[in-house]
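Let me begin by presenting the structure, written as structure tokens, before commenting on it.
The values are calculated or read from the model by the stated rules, or taken from the named source; none is laboratory data. All of these numbers come straight from a predicted model, not from anything done at the bench. All Cβ positions, even for glycine, are placed from backbone atoms using ideal geometry, and neighbour counts span all protein chains on display. These area figures cover heavy atoms from the full protein model, side chains too; ligands, DNA and RNA do not enter into them. Shrake-Rupley method; radii C 1.70, N 1.55, O 1.52, S 1.80 Å.
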Amino acid sequence: MNTFTFARQQLERFPKNIIIRKMQPVITIKNLRKSYNSKQVLKGIDLEVFPGQVLGYIGPNGAGKSTTVKILCGLLNDYEGEVTVKGYDLKKDLLPVKAMIGYVPESAELYDVLTPMEFLKLMGSLYNLDEKICENRIEKMMSALGMQQNLYQRMDTFSKGMKQKVLIASGLLHNPDIIILDEPLSGLDANSVIIIKDLISKLAKEGKTIFYCSHMMDVVEKVSDRIILINQGVIVADGSFEELKQQGGNTSLEQIFAQLTGNTSGVQVADELMRAFEE
Amino acid sequence: MNFINRILLRFALLPKKLYSSNGINISHLQSILTAKLIMDDRRPAPMMSTRKQRQKKEVSKATLTTMLISAITGCVFLFCFSLEAVPIAQFTFYFSYFIFMLASTLISDFTSVLIDVRDNYIIAPKPVNDRTVLMARLLHIFVHICKLVVPMLLPGIIYVGIRFGIAGALLLFITGLLTVIFCIFLVNAFYIVILRFTKPEKFKSIISYIQILFAIVLYASFQLLPRLVGQMENFNLHFTKSSWLIVLPSYWFAATWNVLHTLQGSPLEYSAAICGVTLPFLSLWAVIKFLAPSFNRKLSLISNSGESIAASPMRGALENKQQKIKLIERVATMTTKPGSERMGFIFTWYMMARNRDFKMKVYPAIGYILVYIFIIFFNEKKLNIVDIEQQTGTGKMMIITALYFTSFLTLMAVAQLVYSDKYKAAWIYFITPLKTPGNIINGSIKAAIVKFCLPFIFVLGIAGVALMGVDFIPNLLLAASNQVVICYCMVYFGTKDLPFAKKQDIDAKTGNLLRNMFKMILPFLLAIIHYFIYSNIPLIFLSFIVSCIVLWLLTDTVKKISWAEVQTSFTED
């Protein structure tokens, strides 16, 4: 038995999280603050994400989820604090960071007069991919998503789910190490949802880091091995679903969410609604 | 809701007894109509929205704006009465414009305003009976047409009232109504024909092509008509004797007015007048009997096409498309460096050909310019092949005009390149590791030049060489290189942004006046300089070299446009 296999066996005895925490973080966010005009949206986020983690990033509307994502993707750069990705400072080395990240935006606008092939080739060239490799990859990815028939059709006739599949392909095209998914399942049918969920866990096994933003608690609960809950610009919970359950003593992520974001009166709202019919 | 809508609504709801005896629910009818009219009020007027939209201000008086625009259009029509011709000719022109404007407005309004897909989700599931829905729709169309027609006719009625007396004005009002009925028939027939030949998905782009065509024809007619009438000898005699006029609907209504007003006329005018009175009613009957039922059904097809599912493509079409793609890529390989520049070229090429917004803005302008060139060359009787062959003063002037006028076409396209209604789709530039946006910008300018400038240079080159021989080539080269310089100048001194990444109305800020002046002056300046050195071949060659150096410097700076220089509207929200 050589030392390598021995070391691996030793490592495998530890729970997954502990192994991960010994590694270098892929994304490090330190005291991240961001305000729009006078309104502070992020009030000091501290976060370390490790390779192979599937991070569920959840929070109510306006909590600062999409702002964090926009900063990570390099769409916003007037923030305070420090964000490093694989040792690169986001403010100084924006381009290498962008090259490592794959972004699947939520129901994004598309130049929908293009065909998926044309659009994805455009994306590939912006990621400096070789044209032949790129074309090959596009064909494979789109047929895997069941869209080889639509490869040369303009996207303006596509349904929301089909557009979403193109977006997913565009985010994975350059084989990035970090994948940021913003509501990736919106508009997809049940079969595609299963495919994507499966894909997420396979990507994570390959050592890819996945940053998963969503409102759909039941999906986040299942796919992510670490959940970050933010509310009003600060992190209010951080841990695996099991850990969160123990902390809160609740059963579902939805309830933990309601409890931590100060919305415990869901029942009362329903009651009040019912009372509207009383004349 | 403003007072005009309120009055029209009250007017439309007057025959309450008639409605309720026909099984129409008055309160439903009223609330549907009220909602529709309020929505009309908040929809920006089509002519305003293509220009500068107020950015943050909510639209709340769209009805008044629409009516004002109609009234102004009506005033413009009055120019027909200033032509030196017999009244019946003036009225023919007047009615031509009226039919033209009304039909083109209605064609676009029927899909965008009057038939709303959301009715299917909002009204259809509610317990409202079909007759009420139908009546609401008809009344809505009626109110809408009133709002268009009344202000459009009003200036004409006032003018005719002053010139021909009250009876004349009254007759114009009546013939105007007949015209409206006929227009409704035209619009219906148009829809039926178009839908027979095309798929509903293509409908919207066809509508926009037709609007482009209408705009160009309108502009051409404004330019050419007075010249035509002024130049033709014995125009009045020609006009009154031409029996082919009977096929023109506008002539029927003009004849109707004339016959009823003067109570006399030629046999031709009498027969046209009979057409004018009877045919609108005949067409109305045809609309009700034959066209309307299938019309409604087909219209809902168009409206539904917004979310149509992509049909599986045929094999043949697929191969054909791949072939086409290869061709464009070959052009791109010839003109651009690989990487983001080439991608910018290909992307812009596709977008210019397919983006409806871009086409709607650029193609009419191109049409106007072509009309203008046509006027300069053919109408002023300046065109003289000998002048060009001999390269006399006027000949030179015309050659230079032809060479430099086309630069406005390319400029128009280049200026429009950065804009898109889908500017939010520009996220793709920002999340990818794109080092210098200048390369993409450079590629996209090249695409515009290849598409809009090269064909003209090519055509002019062939024509020029055919007429003047190879001597023309140095001048052609200088003009071509100058045109490209002008384009790059515009980009360099204009707002720099990535292609199709800017919101249309963001530029409404001040400080553009100087820039626009510069835009106009630069081509003129270069053209004038070129004119003076035209015959001096060594000087032409020298200027060509200078121009090429300037071009090389300019492309180099454009290529290096950095993120800091790009004025994008993408990150603003």
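Observations, loosely collected:
- Applying a DSSP loop filter and a limit of 12 other Cβ atoms within 10 Å to the GluC sites (Glu not before Pro) in the range B:189-274 leaves B:E233.
- Taking a sphere under 15 Å around the Cβ of B:I537 and counting the other residues whose Cβ falls inside, with K and R at +1 and D and E at -1, yields a net charge of 0.
- For the residues A:S159, A:S240, A:S252, a GNM of chain A with alpha-carbon springs under 10 Å puts the largest fluctuation on A:S159.
- Modelled spin labels at B:L454 and A:N77, positioned 7 Å past Cα toward Cβ, are 3.4 nm from each other.
- At R0 = 30 Å, FRET efficiency that the Cβ-Cβ distance of A:D271 and A:T251 yields, to 0.05: 0.85
- Here the dipole of the range B:60-168 is about 260 debye; that uses its Cα centre as origin and unit charges on the Cβ of Lys and Arg (positive) and Asp and Glu (negative).
- Taking the range B:322-572 and dividing mean pair separation by its residue count, relative contact order in percent (alpha carbons under 8 Å, at least six apart): 29
- Chymotrypsin sites (Phe, Trp or Tyr not before Pro) restricted to the range A:189-279 and DSSP loop, no more than 11 other C-beta within 10 Å: A:F277
- Using a Förster distance of 25 Å, the FRET efficiency for B:Y531-B:V470 (Cβ separation, nearest 0.05): 0.75
- Between A:S240 and A:I227, the built amide H atoms are under 5 Å apart, and every one of these is 5 or more places off in sequence or on another chain.
- The residue list B:V459, B:Y372, B:G438 was ranked by how far each Cα lies along the charge dipole of the range B:322-572 toward its positive end, using unit charges on Cβ atoms, and B:G438 comes out on top.
- Hz values of 3J(HN,Hα) by residue in the range B:529-539 - Karplus curve (6.51, -1.76, 1.60), Gly and Pro given as x: 4, 4, 4, 6, 9, 3, 8, 8, 4, x, 5
- In order along the range B:78-86, phi translates into HN-Hα couplings of 4, 4, 4, 7, 8, 5, 7, 7, 5 Hz, rounded to whole numbers, per the Karplus curve 6.51 cos²θ - 1.76 cosθ + 1.60 with θ = phi - 60° and x for Gly and Pro.
- Proximity of backbone amide H atoms, modeled 1.01 Å from N, is registered between A:I235 and A:D46 at under 5 Å, excluding neighbours fewer than 5 places apart on the same chain.
- Using the Karplus relation 6.51 cos²θ - 1.76 cosθ + 1.60 with θ = phi - 60°, the per-residue 3J(HN,Hα) values for the range B:352-368 come to 5, 7, 10, 6, 5, 4, 4, 5, 4, 8, 8, 4, x, 4, 4, x, 4 Hz, with x marking Gly and Pro.
- Using Cβ point charges alone (K and R +1, D and E -1), the dipole size of the range A:14-272 about the Cα centre works out to roughly 580 debye.
- Accessible area of B:F3 (1.4 Å probe, protein heavy atoms only, ligands and nucleic acids ignored): about 120 Å².
- Filter on A:K34/A:K91; A:K39/B:K503; A:K121/B:K496; A:K30/A:K245; A:K43/A:K65 - keep pairs with C-alpha separation over 18 Å: A:K39/B:K503; A:K121/B:K496; A:K30/A:K245
- Exposed loop sites here are trypsin sites (Lys or Arg not before Pro) assigned a DSSP state other than H, G, I, E or B and surrounded by at most 16 other beta carbons within 10 Å; excluding them, the longest clear run of chain A is A:93-279.
- Amide H contacts under 5 Å for A:G81, placed H, 5+ residues apart: A:R33
- Förster radius 22 Å - calculated FRET efficiency between B:L14 and B:A71 (Cβ-Cβ, nearest 0.05): 0.30
- Selection from A:N128, A:N31, A:L188 lying farthest towards where the dipole of the range A:14-272 points positive, charges on Cβ: A:N128
- Interface between chains A and B: roughly 3500 Å² of accessible area buried, both sides summed (probe 1.4 Å, protein heavy atoms only).
- Charge dipole of the range A:138-278 (Cα centre as origin; +1 on each Lys and Arg Cβ, -1 on each Asp and Glu Cβ, all else neutral): 580 debye, rounded to the nearest 20.
- Cα gyration tensor, the range B:322-572 - rounded (a/c under 1.5), prolate or oblate: prolate
- The relative contact order of chain A, computed from alpha carbon pairs under 8 Å that lie at least 6 residues apart in sequence, is 23 percent.
- Label separation (B:I521 vs B:T34): 5.8 nm, computed from points 7 Å beyond Cα along the C-beta direction.
- Shape call, the range A:61-112: gyration tensor on alpha carbons, a/c limit 1.5: oblate
- Normalising the average separation of contacting C-alpha pairs (under 8 angstrom, six or more residues apart) by the number of residues puts the relative contact order of the range A:108-263 at 15 percent.
- Global geometry of the range B:172-274, whether rounded, prolate or oblate, following the gyration tensor of its Cα atoms and the 1.5 cut on a/c: oblate
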